[in-house]
Amino acid sequence: MLPVSEEFLEKIKAGRRNIVARVEVVWTDTQIDESIRVSNNEEARTSWDYQVADGVENTTHKWASLDGSWKLGEYHLAPGSRETADDYQMGWWGKQFSDENGEFSAPYPTLTVSFFARPVYSLKVVGDNAREEWPIDFDINVYSGSELLYKKEVRDNPDIFWQGDVVDEELEEVTRMELVIYKWSEANRQAKIIEFFTSVRAIYEDDDILQVNLLEEREVSDGSLPIGNITSNELDIRLNNINGEFFAGNEDSPLFGLVKKNRRIRAWLGIELDSGVIEYQPLGVFWSGDWNAPEQEVYAETTARDRLQLMDESEFESSKVIEDTDLYELAEIIFDDYGLDDDQYWIDDELKEFQIPYGYFEPMSHREALRKIAEACVGQVYADRRGVVRVEGPSFLDNLLENIGGDD
């Protein structure tokens, strides 16, 4: 259940109510944006610089290096092939070692990300969280072609994750960003950058939104009993396109080349409180289908799907029989195979009570595999309003109502 204020409840139940909407679209998907190119002026023997623009901000392991820090058993050998690197996160490693003060010498380690012209609203630099190393002193140069639009000088940075807002700089036609590192957090170490790319996000409110429709429904198994419940949620949005920025051929649009399938969308509904503040409640996290922007109309529209529907398009193959397991472990295997992080799914502990002598799945989609888990425990699977995929046991709702006094 989502926490809301008493005033929100009062106003949302009123006979006359003024409801507002907000939609956020992340227009850059580094997995399908073919314009993104990453380069550098130096790199270690093993380095995967393409990962600095893949949206992943956490290193999967402490990677071994011949810098005197490697301890047997605590560190892992770096991924040696692109195929292996795709399953792990290492990022870009420089070649030059810092001196006893952590300082580099010229030519300084430099990382460059280039792309089609687009607006940039924030800057981001992420060091190595597994090794707890990061850049102390660095510059970020922002270019449009060969013209330097903006330079951010950062000194004495204390954090592994650094981010800066540049909305007021009005950086609209950015084609390249350059990171130059002068000082590292550790002496005698290489530069290690996990992420150096900020996505293009746009918030649509008020007259920008023409229509928002949310469909939430349950899909049950083929039998007559409602067991194995799984949700199938969709979001239809229609946005104002009177300025033509959604037209695919509009090269002057800041979204040129970005209006594509599988853009992440978040939506909210809100109520204006007496204080003038709008209290928003999320509707969920979705991924767009194809965009429709008729040339003779003033709108652009798409139908977006939640994560569970995306999981219906990927194949889960478990070629081995798992002995002495339970439904909780099987659900974990499905999520891990799909590649979700721990904070992107939740499994009810009650599923540990469903012991399985032998577990095996024929080739099927990840969604269908989760549906079979729900069917086996008479539970339910759905993506909640925050985008987390939840697998709940048969007693979860009753226990929740009992804890909050909902059955009194």
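For the reader, a short list of remarks on this structure follows.
- Subset of region 275-319 (residues that are hydrophobic (A, V, I, L, M, F, W, C), assigned to a strand (DSSP E or B), more than 15 Å from GLU234 (Cβ to Cβ) and not assigned by TED's automatic domain parsing to the domain that holds MET364): ILE278, ALA300
- Among the residues making up region 65-77, those that are more than 20 Å from PRO109 (Cα to Cα) and either aromatic (Phe, Trp, Tyr) or at pLDDT 85 or above (or both) are TRP70, TYR75, HIS76, LEU77.
- Scanning region 50-74 for residues that are within 29 Å of LEU123 (Cβ to Cβ) and assigned to a loop (DSSP other than H, G, I, E, B) gives ASP54, GLY55, VAL56, GLU57, ASN58, THR59, THR60, HIS61, LYS62, SER65, ASP67, SER69.
- Annotation: ILE237 fulfils all but one of (1) at pLDDT 95 or above; (2) out of contact with any Asp or Glu (no Cβ under 8 Å at 6 or more places or on another chain); the unmet one is (2).
- Verdict on GLU216 being within 30 Å of SER35 (Cβ to Cβ) and either at pLDDT below 90 or of a type in the set (A, V, I, L, M) (or both): no
- Residues (over 18 Å from GLY102 (Cα atoms) and not acidic (Asp, Glu)) located in region 139-160: ILE140, ASN141, VAL142, TYR143, SER144, GLY145, SER146, LEU148, LEU149, TYR150, LYS151, LYS152
- Residue match in region 80-93 (condition: of a type in the set (Val, Ile, Thr), in the same structural domain as ARG189 (by TED's automatic domain parsing), out of contact with any Cys (no Cβ under 7 Å at 6 or more places or on another chain) and part of a loop (DSSP other than H, G, I, E, B)): no
- Scanning region 104-131 for residues that are surrounded by fewer than 22 Cβ atoms within 10 Å (Cβ to Cβ), closer than 21 Å to ALA78 by Cα and charged (D, E, K, R) turns up just one, ARG131.
- Residue within region 180-191 that is free of Cβ contacts under 8 Å to residues at least 24 places away in the same chain and surrounded by fewer than 15 Cβ atoms within 10 Å (Cβ to Cβ) present: no
- Residue in region 17-26 that is in contact with a His (Cβ under 7 Å, 6 or more places away or on another chain) and part of a loop (DSSP other than H, G, I, E, B) present: no
- Evaluation of THR46 against (1) hydroxyl-bearing (Ser, Thr, Tyr); (2) in the same structural domain as PRO109 (by TED's automatic domain parsing); (3) touching a Ser or Thr at 6+ places or on another chain (Cβ under 8 Å) (one fails), failing number: (3)
- ASP168, sole failed condition from (1) among the charged types (D, E, K, R); (2) without any contact (Cβ under 8 Å) to a residue 12 or more places away in the chain; (3) under 17 Å from LYS62 (Cα atoms): (3)
- Index of the failed condition, LYS320 passing every other in (1) farther than 28 Å from TRP27 by Cα; (2) touching a Ser or Thr at 6+ places or on another chain (Cβ under 6 Å); (3) surrounded by fewer than 20 Cβ atoms within 10 Å (Cβ to Cβ): (2)
- Condition broken by SER35, with the remaining ones in (1) surrounded by 15 or more Cβ atoms within 10 Å (Cβ to Cβ); (2) of a type in the set (Gly, Ala, Ser); (3) at pLDDT below 85 satisfied: (1)
- Flag for ASN157 being under 13 Å from TRP184 (Cβ atoms), surrounded by fewer than 18 Cβ atoms within 10 Å (Cβ to Cβ) and in contact with a strand residue (DSSP E or B) (Cβ under 6 Å, 6 or more places away or on another chain): yes
- The sole residue among ARG307, ARG367 that is surrounded by 16 or more Cβ atoms within 10 Å (Cβ to Cβ), closer than 30 Å to SER253 by Cα and of a type in the set (Lys, Arg) is ARG307.
- As a summary of the residue check, ASN58 satisfies the conditions (1) at pLDDT below 80; (2) within 30 Å of PRO254 (Cβ to Cβ) except for the one numbered (1).
- Identity of the residue in region 258-290, surrounded by fewer than 18 Cβ atoms within 10 Å (Cβ to Cβ) and within 28 Å of PHE115 (Cα to Cα), that ends up farthest from the chain's Cα centre (by Cα): ASP290
The values are calculated or read from the model by the stated rules, or taken from the named source; none is laboratory data. It should be emphasised that the depicted structure is a prediction, and the values quoted were computed from it without experimental measurement. Cβ: placed from backbone, ideal geometry, glycine included. Neighbour counts: every protein chain shown.
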